[in-house]
Amino acid sequence: MEPLVETDRVITSGRLEMPILTRDQLERIGNGEITSVAAELDVRLSAEWLEAVRWLAGMRARQLRDRPQDSAWLLRPIVRADTREAIGYLNFHAGPDDRGMVEIGYALLPAAWGQGYAIEAVRAALDWARRAYGIRQFRASVAPDNERSLNLIGKLGFVRTGEQWDPEDGLELVFELKVD
Ligand SMILES: CC(C)(COP(=O)(O)OP(=O)(O)OC[C@H]1O[C@@H](n2cnc3c(N)ncnc32)[C@H](O)[C@@H]1OP(=O)(O)O)[C@@H](O)C(=O)NCCC(=O)NCCS
């Protein structure tokens, strides 16, 4: 496992905290064991949150076995700092590619929609990647009918660069953002 530096551990924003999950924690979540992970992070992980993230956590645990260099980039719960509840999650798909680009993915539990938490979390994650690793190019893939996600990335200034077929998710529009 690549050592995590202190700035990788928790991404914070005004209302949110996003602690990185270690490979061991990802494995436990993938196995449905959230009690110990919640205690370690001092967060509340609901059954609904587990249901939403379980498959992805297992996949990211397997990814880290082959690519320990991705350790700072993968899954983080999105935690409300006031209630300590996990209201969603975000992750980069991997560390920077050969163009220095990273792709972001995110989701909130439906009860947390419409309060600006997603854009706050994504903005903080992009800012962390820029400050900690000098990332200047970001990518996001969104289904054409996902109006909330299209709204979010449009507000962040992503521009459409193409489309792709994802074997699981079907047609996706591809967007990129370049920052100074
Ligand atoms: C995509 C997703 C994360 C977007 O969530 P969201 O709640 O719409 O996005 P935000 O948290 O940024 O909230 C935005 C809305 O909150 C409102 N809002 C309320 N308080 C706010 C605040 N303090 N700051 C900003 N916006 C606020 C805004 O009016 C804004 O809506 P508008 O842009 O129409 O004006 C969510 O729909 C989701 O999880 N979907 C399922 C998973 C998914 O599709 N993931 C993306 C795959 S590409």
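The values are calculated or read from the model by the stated rules, or taken from the named source; none is laboratory data. Everything quoted here is computed from the prediction, not taken from an experiment. Cβ sites come from the backbone with ideal geometry, for glycine too, and all protein chains shown count toward neighbours. Heads up: the accessible areas ignore ligands, DNA and RNA and are worked out on the full protein's heavy atoms, side chains in. Shrake-Rupley method; radii C 1.70, N 1.55, O 1.52, S 1.80 Å.
Normalised by the number of residues in the range 1-57, the average gap of Cα pairs under 8 Å and 6 or more apart makes the relative contact order 27 percent. To put it simply, the accessible area of the range 1-149 at a 1.4 Å probe is 48 percent carbon and sulfur. With each label modelled as a point 7 angstrom along the Cα→C-beta vector, the residue 120-residue 171 pair spans 3.5 nm. Solvent exposure of the range 41-135, expressed per residue, is 45 Å² of accessible area, with all protein chains present and a 1.4 angstrom probe.
In percent, rounded to a whole number, the relative contact order of the range 41-180 is 17, using alpha-carbon pairs under 8 Å and six or more apart.
Heavy atoms of the protein chains alone define the surface here; on that basis the range 139-180 has 64 Å² accessible area per residue at 1.4 Å probe size. Need one number: % antiparallel among DSSP beta bridges in the range 93-180, to the nearest 5. Looking only at bridges with both residues in the range 93-180, the antiparallel portion is about 80 percent.
Here residue 47 and residue 160 are evaluated by their C-beta separation; at R0 = 45 Å the FRET efficiency comes out at 0.80.
Across all Cα pairs in the chain, the calculated P(r) in 5 Å bins from zero up to the longest distance comes to 1, 8, 17, 21, 22, 18, 10, 3, 0 percent per bin. Highest mobility in the GNM of the chain, judged by mean-square fluctuation with C-alpha springs under 10 Å and restricted to 61, 132, 121, is found for 132. Considering only 59, 101, 18, the Gaussian network model of the chain with Cα springs below 10 Å gives its largest mean-square fluctuation to 59. Global dimensions of the range 82-139 from alpha-carbon coordinates: Rg and Dmax equal 12.7, 40 Å. Evaluated at q = 0.29 Å⁻¹, a Debye calculation over the C-alpha positions of the range 9-60 (equal weights, vacuum) places log10 I(q)/I(0) at -1.23. Note on residue 178: accessible area approximately 140 square angstrom, rounded to 10, probe 1.4 Å, nucleic acids and ligands left out.
Relative to the longest principal axis of the Cα atoms of the chain, the long axis of helix 47-66 makes an angle of roughly 80 degrees.
Using all pairs of distinct alpha-carbon atoms, the Kirkwood hydrodynamic radius of the range 125-180 works out to 12.0 angstrom. Once the Cα atoms are used to define both axes, helix 117-133 deviates from the longest principal axis of the chain by about 80 degrees.
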